[in-house]
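Notes follow once the structure below has been shown.
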Amino acid sequence: MDHAATTATRPEVAAAMVPYMTGHFGNPSSLYDLARVSREAVAAAREQVAAAIGAEPKQIYFTSGGTESDNWALKGVAFARKAKGNHIITSAVEHHAISHTCVWLEKQGFSVTYLPVDRYGMVDPAAVEAAITPETILVSVMMANNEIGTIMPVAEIGAVARKHGVLFHTDAVQAVGHIPIDVRAQNIDLLSLSGHKFRGPKGTGALYIGPGVRLDPLMHGGAQERGRRAGTENVPGIVGMGMALELATAEMEENTRRITALRDRLTAGLLSIPETYLNGHPERRLPNNVNVVFAYIEGESILLMLNRRGIAASTGSACSTTSLEPSHVLMACGLPHEVVHGSLRLTLGEQTTEADVDYVISAVMEIVQRLRDMSPLTPAELRSRPESG
Ligand SMILES: *Cc1c(COP(=O)(O)O)cnc(C)c1O
């Protein structure tokens, strides 16, 4: 129930990677037959990744993951376009790979606007347009939110940016392999993706760089990736990511139909618990995402009790579960501080079954009831305290 955090590499993908660690271990930059095999494997994977997002192979640059792609897009464009202006526009609900990079860029002298979202976590394209100044060089808004699953109006935001001569980057890590993407139709100049979110290996990713987009390198060194990203290619990882994405794209329609039905069953089951509310957009959301808040309880307590029943879940995003910071995404959606702590994110995967969903619904029902019985914050208790309003 935590597939937004990561997924299991498909067994056939793992098997396809092994030869590139053993027999075909050549460095793609070398000039002998062993190297040519690696070079051709990387080229084939580049075609697979490009095809999945409507790009050309030469526009795909392999990286070490979503975090590197996000850092590269933002820092690379910021420094390459510094002479044009110093203003960047992003949203208040981005993954930390974007938002922490923006905070760092502010320390380097750039100015960043963090656009608010509506209660569903959506950025208004009109607000993007209103925030653009003559100094604006880049807009970065994610395609789909990793916590609440809301799908952003990316094509409209991209059109606004293009109209004003501003570059548009989207963190599509949660979207690639899960919903259809066409970089051209969606007016995207730069797009980040990550292999381990669509059943590829961890530590693999790519950045799509559209025609005419200039950006400084993040990694300096050798001339790999046409001189734009130094470092010996992760050949087995790249092979695995390409194959996983090709399979995810081929199976997308059927998976979406099946997983959406399971998601709706899970949502309905959870919302039957009193004082439980859905976070994120009711329709414009990822097929596999359920995010709810339960009044009067702590999300962390639910997680521990779910874990004891063999259920892996998350409150907010996995990256912030070790800190007890309230989710910046739910806060940006306008949820009050006390309620944010009672949030639970469940994200389904290709192997999830109807029996899994029913087991989770009954476990959550029982846990929420137990915690509310123990909680000093339940409505009955509040009413019995004379000083409470
Ligand atoms: C997981 C994730 C990332 C980070 O990707 P890694 O490959 O784990 O570095 C970035 N953005 C979003 C929206 C994500 O869900």
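Show me the ranking of peptides 333-345, 11-23 by mean Cβ neighbours inside 10 Å, starting with the highest.
My ranking of the peptides, most packed first, is 333-345, 11-23.
Within the range 110-139, what residues put their amide N at less than 18 Å from the label point 7 Å along the Cα-to-Cβ vector of LYS84?
It comes to 110-113, 128-139, nothing else.
What's the exposure ranking of HIS100, HIS196, HIS24, going from fewest to most Cβ atoms within 10 Å?
Ordered from fewest to most neighbouring Cβ atoms within 10 Å, HIS100, HIS196, HIS24 come out as HIS100, HIS24, HIS196.
Rounded to the nearest whole Å³, what is the per residue volume of the convex hull around the Cα atoms of the range 215-324? Intermediate results must be reported in sequence, preceding the final value.
Numbers: hull volume 22.6 nm³, N = 110.
Convex hull of Cα atoms, per residue: 206 Å³.
Calculate for the chain the 222 nm mean residue ellipticity that helices alone would give, adding -39,500 (n - 2.57) per DSSP H run of length 4 or more and normalising by residue count, nearest 500 deg cm²/dmol.
On the way: 13 runs with 154 residues, N = 389.
Rounded to the nearest 500, the figure is -12000 deg cm²/dmol.
Jot down the per residue volume, in cubic angstrom and as a whole number, of the convex hull over the alpha-carbon atoms of the range 6-86.
Here the figure is 144 Å³ per residue.
What are the extents of the Cα atoms of the chain along their three principal axes, in Å, largest first?
Ordered largest first, the chain gives principal extents of 79, 52, 32 Å.
Between SER362 and HIS100, what is the FRET efficiency for a Förster distance of 22 Å, r being their Cβ-Cβ separation, to the nearest 0.05?
That gives a FRET efficiency of 0.05.
Please report GLU135, GLU233 as a ranked list, fewest other C-beta atoms within 10 angstrom at the top and most at the bottom.
Ascending number of Cβ neighbours within 10 Å: GLU135, GLU233.
How much net charge surrounds MET243 when only the other residues with a Cβ under 9 Å from the Cβ of MET243 are counted, with Lys and Arg +1 and Asp and Glu -1?
Within the 9 Å Cβ shell, the charges total -1.
Obtain the nm distance between the two label points defined at ALA43 and ASP182 by a simple spin-label model: each point lies 7 Å from its Cα along the Cα-to-C-beta direction.
Those two pseudo-labels are separated by 2.9 nm.
Between ARG265 and SER29, 0.36 nm times their residue separation minus their Cα-Cα distance comes to what?
Additional length available on full extension: 79.9 nm.
Where a number appears in this text, it was derived from the coordinates with a stated rule and is not lab data. For clarity, every value in this text was computed on a predicted model and none was experimentally measured. In this analysis, Cβ positions are derived from the backbone assuming ideal geometry, glycine residues included, and neighbour counts consider all displayed protein chains.
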